[in-house]
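Data block below; observations after.
The values are calculated or read from the model by the stated rules, or taken from the named source; none is laboratory data. The structure presented is a predicted model; accordingly, all values stated were derived computationally and were not measured. Don't worry about glycine lacking a Cβ; one is built from the backbone with ideal geometry, like all the others, and counts go over all protein chains shown.
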Amino acid sequence: MALVLFVLMPAGGWAAADSPEPTYLVVLGQPDAFAAEFPACAPDAPRQVGWGLVLFTLTTPLAELQRNVEAALDTTERTGYPLLLHLDDWNFPPPSTDPDWVEWTAFPGPGEEHGPLVRRRWLNWGTWVTTGPPPNYESPKFRTFMRSQVAEGVVRPVAARLRRWRREGRAHLFAGIVVGWESGYYSMPAPADRPVAGEETFEDSEVVTTGYAALTRRGYTAERLGAEARKRGITEQARFRELMAEVVHDYSEYLCRLCARGGLPRERIYTHYTPMATVADPATVAGDGRLLPLRTAVNRYSRPGYTMTRGWADFDQVAAGVREAGRQEWGAVEIEIVPATRPAEAALEQLDWLAAHGARVLCVYGWWEAEGHPFAVRGTGAVDAIRRWLAGGDGAPDGAHIAP
């Protein structure tokens, strides 16, 4: 069964393209790190500069998570910079050997209650790091935990503060919440070089694909998976991938639903997926659980959000995919400054293109990096581009000829 999305109109409808709501340029990092370059904008400015904070919802104790959120809201009130929160939905889980919590690397064998547990996850973010095993998105135990973390730890304090800001005419201070961090499922192909993370060395047994716990919870077995693949005339790997795209989509929707039902406006809730499938070769796409179809980011409780970095996505395909899903507005919830966008004019054109094609949040990563780093923002023309863009300067008035 293919991934089917039922896109419903929320009460009041989605915000129209000519809505008076601002477009947010968000710098991931504390406001005092960039305030000298980008002063806070007037409350009624159509373009706002804000700040972004990542919350590690899988590992931060609930009370600490609530304190972090309250402190962030206080910072926003004190400085006048709107806040965009990013929730880690799967990247940094805690260690666990609970078969009802973690993912498996195969279906259970005869007489087994569960499949083999994945021991840990390897991530290459410039350097290799290891984390706890990825969670089973379909696990009731895991979902109950995430409901507490998201609904109580994050949404409740944000919704309470937003209600007051609305009464005070300061609702623009909430730029939104990004539910996810390049959401996907874990697959680890055989690496060209043996990864090392600190004292940990990659083992051959760690070439795995996970998702079997989630599919078992959905009633799948090896036999059923094979039968459906044969009936469809596709490989078992292809059918597995289709099913896991549904699983990941539904998990994202679950988290977004918690945000919407907790009182956050749906036009301020974003998912976060990578659109690298639009530029990667088919073999890479088939073997990487993060490179899911664009439509996986779309659900009834949020706007779709994507990493929009030059060279990592076909921008035209992303914009077209958003329109095909029936949406006009979305989020460029992660942008890296790379060599192609370091010149001021190139950076300005990219910002203008994204806003002209419906992106209402543009979140720039890498401000914390030192000059000379591959993703550094400071010391590049992007700083001037952001300043000019916030002031209303466009790389091209209609954005039509820009093709990053």
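Just wondering, is there one or more residues in segment 298-315 that are over 18 Å from the mean Cα position of the chain (by Cα), assigned to a loop (DSSP other than H, G, I, E, B) and among the aliphatic types (A, V, I, L, M)? No - not one qualifying residue is present in segment 298-315. Note on segment 166-194: residues that are at pLDDT 95 or above, in contact with a Ser or Thr (Cβ under 9 Å, 6 or more places away or on another chain) and farther than 19 Å from residue 330 by Cβ total 4.
With respect to the conditions (1) closer than 20 Å to residue 290 by Cα; (2) buried (at least 23 other Cβ atoms within 10 Å of the Cβ); (3) not β-branched (Val, Ile, Thr), residue 153 lacks only one, and its number is (1). Checked against the criterion of being in contact (Cβ under 8 Å) with a residue 12 or more places away in the chain and under 25 Å from the mean Cα position of the chain (by Cα), the candidates 216, 221, 210 yield just one match: 210. Note on segment 109-129: among residues that are modelled with pLDDT under 95 and β-branched (Val, Ile, Thr), the one that is surrounded by the most Cβ atoms within 10 Å (Cβ to Cβ) is 129. Scanning segment 357-374 for residues that are within 26 Å of residue 188 (Cβ to Cβ) and part of a helix (DSSP H, G or I) turns up nothing. Cβ contacts < 7 Å: first residue of a type outside the set (S, T, N, Q), restricted to segment 62-79; second residue surrounded by fewer than 17 Cβ atoms within 10 Å (Cβ to Cβ) and at pLDDT 95 or above, any location; separation 6+ or different chain. Result? The qualifying pairs are 62/148; 62/152.
Taking segment 170-207 on its own, how many of its residues are crowded, with 20+ Cβ neighbours inside 10 Å and among the aliphatic types (A, V, I, L, M)? So the answer is 6. Residue 23 falls short on exactly one of the conditions (1) crowded, with 16+ Cβ neighbours inside 10 Å; (2) modelled with pLDDT under 95; (3) polar (S, T, N, Q), and that condition is (2). Residues in segment 28-83 that are of a type in the set (Gly, Ala, Ser) and in a helix (DSSP H, G or I): 33, 63, 71, 72. Apart from one condition, residue 263 fits all of (1) under 23 Å from the mean Cα position of the chain (by Cα); (2) buried (at least 18 other Cβ atoms within 10 Å of the Cβ); (3) more than 25 Å from residue 114 (Cα to Cα); the exception is (2). Of the residues making up segment 84-93, those that are assigned to a loop (DSSP other than H, G, I, E, B) and over 11 Å from the mean Cα position of the chain (by Cα) are 92, 93. Exactly one residue among 245, 227 is within 23 Å of residue 120 (Cα to Cα) and not hydroxyl-bearing (Ser, Thr, Tyr), and that residue is 245.
Kindly establish whether residue 15 is surrounded by 14 or more Cβ atoms within 10 Å (Cβ to Cβ), at pLDDT below 95 and not polar (S, T, N, Q). Against the criterion (surrounded by 14 or more Cβ atoms within 10 Å (Cβ to Cβ), at pLDDT below 95 and not polar (S, T, N, Q)), residue 15 qualifies. Taking first residues from segment 345-363 that are more than 11 Å from residue 382 (Cβ to Cβ) and at pLDDT 95 or above and partners that are buried (at least 22 other Cβ atoms within 10 Å of the Cβ) and acidic (Asp, Glu), the Cβ contacts under 9 Å between residues at least 6 apart in sequence or on separate chains come to 363/334. Cβ-Cβ under 9 Å, sequence separation 6+ or interchain: first residue in segment 45-56 and under 10 Å from residue 84 (Cβ atoms), partner among the polar types (S, T, N, Q). Which pairs? As it stands, the answer is 50/76; 51/30; 51/75; 51/76; 51/79; 53/30; 53/68; 53/75, since those pairs meet every condition given. Would you please list the contacts, defined by Cβ atoms under 7 Å and residues six or more apart or on different chains, that run from a residue in segment 143-170 that is under 17 Å from residue 265 (Cα atoms) and free of Cβ contacts under 8 Å to residues at least 12 places away in the same chain to a residue that is of a type in the set (A, V, I, L, M, F, W, C) and surrounded by 16 or more Cβ atoms within 10 Å (Cβ to Cβ)? Pairs found: 165/171; 165/173; 165/174. Tell me yes or no: at least one residue of segment 280-291 is touching an Asp or Glu at 6+ places or on another chain (Cβ under 8 Å) and without any contact (Cβ under 8 Å) to a residue 60 or more places away in the chain. For segment 280-291, residues touching an Asp or Glu at 6+ places or on another chain (Cβ under 8 Å) and without any contact (Cβ under 8 Å) to a residue 60 or more places away in the chain: present.
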